[in-house]
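A quick write-up on the structure given underneath.
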């Protein structure tokens, strides 16, 4: 056949005269969801073929920090001295990742979390039993556990017993400055396991269209390889795992327009194609507006000051998960943020360890008084002054009744005082996608599964409905990726 | 055939042994989009049949206040002494209804707005050439023109020359307290025109599924009528116009979860079915999270005080379109709002005319000082006090540099001072839906039109991508409804 498949419309199986490849389970995409699906399907005895668009395995996962959101009392949590339960984990995820989370998915994910951790360990994913408790996007060294969702901060900590759930695989040379992070050390063992189980993979091969039989069942994939169209028969099922739509401008504009021009923590291959291929079969979607939002400032820095919006008002407790800061900034505060911090706090922050020294920005303005700073920043008279006045009044007593920042991080802002201009310092990736069952079947808009079609990872709507915690994507990608592989293997 | 069509999957035409009805153009839904489509299709010479689920024409439109968002220099705008241009209208809609508006749709809508006004007048829709300039959700009398998007308020008025664009049909007995509003007086002439043109309609008939031929073209509708399934052949095209998904709990939870439990300005028939029927054919969607959000408080009241969030901070200029207040409250401020107003302003508001006297709430707390009020409301010490202090300092000079409320509405807050608890006082309807072309063709996820299928109104993503102005739904529903009818008639 010749090349240039320009449509995502399904191809009727009767038109396929010859299959170039064949397997029980065909997986599109070799990131965390695809690798987990491949391993799980192979463990079920299926003959598995993975199609990967780039020249190698990894996807966005291999470039990620590597957090996997797990809990409910994993061996790593216990080894680090933390108690957790599936119930507390559910309560937190429902609250922090909502509103509108898929309750069935949250239940399955939380109840299966310890088992999933053990499965990852069996696959060879290494975790070091040490906890990183300082502020930061990720540990600067090779510690294996961190708070990554704001569990130990307001407003959640008041009602839900907190536990750290960010599990990060250990990179052997991370302590000594190795370049590859936790995401690589998740993907390397998974793909090694996959290969050991006999999973085959073809690279530079991009899934373009699904093939369906007369009954509507998905029985294969049409892909392009070096400009030529090839056909792959799936005897039992196809698993879609090609990532988010963060780099599909048209889709971002249509569903998550605040993210236009600011994709981050994502890769250009995240073009939403898997979503469209399934939509062409009548697949349902969910939470298409949901986005992870990174805030490009070092937490060691901003936790020691106050973040104010374009009106000079505080808007979030600075000791929470920095991704919550990003979402609050972009979605609730017109992407306007300034960090106000005094010299002593700034200097103190400079002396702390961090994984993100490049996010320690220089002050944009430095003044002797807040009154001067307010004027320099162009804020209306009295706005920043009263914000600092109220903050300082309570901080003198170690309290933050306005936003509930923990006492240990609450200190009156003194002089000299600086502000760092963080307007527009956000970016992220999309979290919405195909609606899937807890067994990772792709659901038709009628509510029924589309026979032969499974999906996992960021081409699906996973555990997040809007809110986010670092590790939720590698978490649900691997968790529901396994289920996709298992379901497909059963056919 | 027997009843109980439980799936939205398309029905193959070859399975239809007998057509119960037949027309050139079949329209599902007899609200504003359906009526406009029916009239336009009939004007093109098509034989038109409208299927309506309820016992009569009207839809949500007939119960609405009746605003139609029009501009660019309509005869009504001119008669009321306002200048406007398509360019200014585009600039405003792009800014206020975004981010992410469909630029092609905005262009078509603004450039065709004067013509559309004239068409409505030709259909018999009456407009009274008088302007209502006081704060309010709608005019208390029968005035025909009002600002309904915040055009004359910050932040838009600083850069885009404002013009009122809320055109409301005149109800003959509205001045004397007639029960039916502008929406009825839009729908009555449209459906009278439709009937005069020979359009047929069948009531108590609910569209359930689309019928497609072997090429994928839509050639009919399967509907239920008194529990029985009936089939309707569409020789040229089908127009979907059955409204939003505000009453489909599953869809609201999946796409716009902040609106769960708070549908408003909508009707129970808005179940998203048309969206799903088209999705089953591979139709694309857009802006599924977008929602209109009403704020259940009388503008005459809240414009005279300040609105503060759960932290005691102001968050919006109180003189803007109240729907913007609703969106800012629900989406950006955790649905937390309090109106702080002094006794003099409260009394003054009580003496003003309004269409919504039932939204003039009693004070929840009344105190001599803001300090006492702050404590009564349970706000952290200093928060509300400094908010009022900063507001009053600038208000003494007639200015509001923090949020830009117009000078005429800015007055220092005195004593006694009250607060009205408006937490959770929001509700609304969904704005997202099928992605359509400017000719109202339903677009497949591949980008191409689905042959024979057209849609308009709130089952489509129209001119809004998130922001809103009153009249945008009757506006784009009628505007793109006409185009849907015309396109379908051409086949």
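Do the conditions hold for residue A:34, that is, is it surrounded by 23 or more Cβ atoms within 10 Å (Cβ to Cβ) and without any contact (Cβ under 8 Å) to a residue 60 or more places away in the chain?
no
Those residues that are part of a loop (DSSP other than H, G, I, E, B), surrounded by 24 or more Cβ atoms within 10 Å (Cβ to Cβ) and touching a strand residue (DSSP E or B) at 6+ places or on another chain (Cβ under 6 Å), I need them from the stretch A:53-102; list them, please.
Scanning the stretch A:53-102 gives A:67, A:70.
Are there strands (runs of 3 or more DSSP E) fully within the stretch B:363-460 with at least 2 residues that are in contact (Cβ under 8 Å) with a residue 40 or more places away in the chain and closer than 23 Å to residue B:298 by Cα? List them.
The qualifying strands (runs of 3 or more DSSP E) are B:365-367, B:417-421, B:426-430.
Which residues, counting only those in the stretch A:103-149, are surrounded by fewer than 18 Cβ atoms within 10 Å (Cβ to Cβ) and not in a loop (DSSP other than H, G, I, E, B)?
Selection gives A:103, A:104, A:107, A:111, A:115, A:118, A:121, A:122.
Any idea which of (1) buried (at least 24 other Cβ atoms within 10 Å of the Cβ); (2) modelled with pLDDT under 95 is the one residue B:267 doesn't satisfy?
The one condition residue B:267 does not meet is (1).
Condition first: farther than 16 Å from residue B:446 by Cβ and out of contact with any strand residue (DSSP E or B) (no Cβ under 8 Å at 6 or more places or on another chain). Now tell me which residues in the stretch A:267-286 satisfy that.
A:267, A:268, A:269
Take the residues in the stretch B:431-445 that are surrounded by fewer than 24 Cβ atoms within 10 Å (Cβ to Cβ) and more than 17 Å from residue A:255 (Cβ to Cβ), then tell me which one is nearest to the other protein chains (Cβ to nearest Cβ).
The selected residue is B:437.
Which residue out of A:303, A:232, A:275 is at pLDDT 95 or above and outside the structural domain of residue A:42 (by TED's automatic domain parsing)?
Going through A:303, A:232, A:275 in turn, the sole match is A:303.
Are any residues in the stretch B:382-432 more than 27 Å from residue B:294 (Cα to Cα) and in contact with a strand residue (DSSP E or B) (Cβ under 7 Å, 6 or more places away or on another chain), and if so, which ones?
B:414, B:415, B:416
Has the stretch B:413-424 got at least one residue that is under 24 Å from residue B:340 (Cβ atoms), within 14 Å of chain A (Cβ to nearest Cβ) and crowded, with 16+ Cβ neighbours inside 10 Å?
Among the residues of the stretch B:413-424, not one is under 24 Å from residue B:340 (Cβ atoms), within 14 Å of chain A (Cβ to nearest Cβ) and crowded, with 16+ Cβ neighbours inside 10 Å, which makes the answer no.
Take the stretch B:238-260 and flag every residue that is at the interface with chain A (Cβ under 9 Å from one of its Cβ atoms), closer than 20 Å to residue B:476 by Cβ and assigned to a loop (DSSP other than H, G, I, E, B).
Result: B:256, single match.
Closer than 30 Å to residue A:284 by Cβ and at pLDDT 95 or above: which single residue out of B:27, B:39, B:48 fits that description? Spell out the reasoning first.
Working: B:39 fails: closer than 30 Å to residue A:284 by Cβ; B:48 fails: closer than 30 Å to residue A:284 by Cβ.
The unique qualifying residue is B:27.
Quickly run through the stretch A:210-233 and pick out the residues that are touching a helix residue (DSSP H, G or I) at 6+ places or on another chain (Cβ under 8 Å) and in a strand (DSSP E or B). Walk me through it before giving the result.
So in the stretch A:210-233, the residues touching a helix residue (DSSP H, G or I) at 6+ places or on another chain (Cβ under 8 Å) come out as A:210-214, A:219-220.
Residues satisfying the conditions are A:210, A:211, A:212, A:219, A:220.
Which condition does residue A:358 not pass, out of (1) in contact (Cβ under 8 Å) with a residue 12 or more places away in the chain; (2) closer than 22 Å to residue A:325 by Cα, if it passes all the others?
(1)
Considering only the stretch B:226-254, how many residues are surrounded by fewer than 18 Cβ atoms within 10 Å (Cβ to Cβ) and at negative phi?
Matching residues across the stretch B:226-254 total 5.
Select, from B:251, B:288, the only residue that is in the same structural domain as residue B:216 (by TED's automatic domain parsing), modelled with pLDDT of 95 or more and under 17 Å from the mean Cα position of the chain (by Cα).
Only one candidate qualifies: B:288.
Among the helices (runs of 4 or more DSSP H) confined wholly to the stretch A:261-351, which include 1 or more residues that are more than 14 Å from chain B (Cβ to nearest Cβ) and closer than 22 Å to residue A:136 by Cα?
Numbers: elements: A:273-279, A:299-302, A:322-327, A:343-350.
Those helices (runs of 4 or more DSSP H) span A:299-302, A:322-327, A:343-350.
What number of residues within the stretch A:378-404 satisfy the criterion of being more than 12 Å from chain B (Cβ to nearest Cβ) and buried (at least 19 other Cβ atoms within 10 Å of the Cβ)?
Qualifying residue count for the region: 0.
Taking the stretch B:197-209 only, how many residues are surrounded by fewer than 21 Cβ atoms within 10 Å (Cβ to Cβ), at negative phi and either part of a loop (DSSP other than H, G, I, E, B) or free of Cβ contacts under 8 Å to residues at least 12 places away in the same chain (or both)?
Selection size over the stretch B:197-209: 2.
The values are calculated or read from the model by the stated rules, or taken from the named source; none is laboratory data. In this text, all values refer to a predicted model and were calculated from it rather than measured experimentally. When we count neighbours, we look across all protein chains shown, and the Cβ atoms used for this are built from the backbone with ideal geometry, even at glycine.
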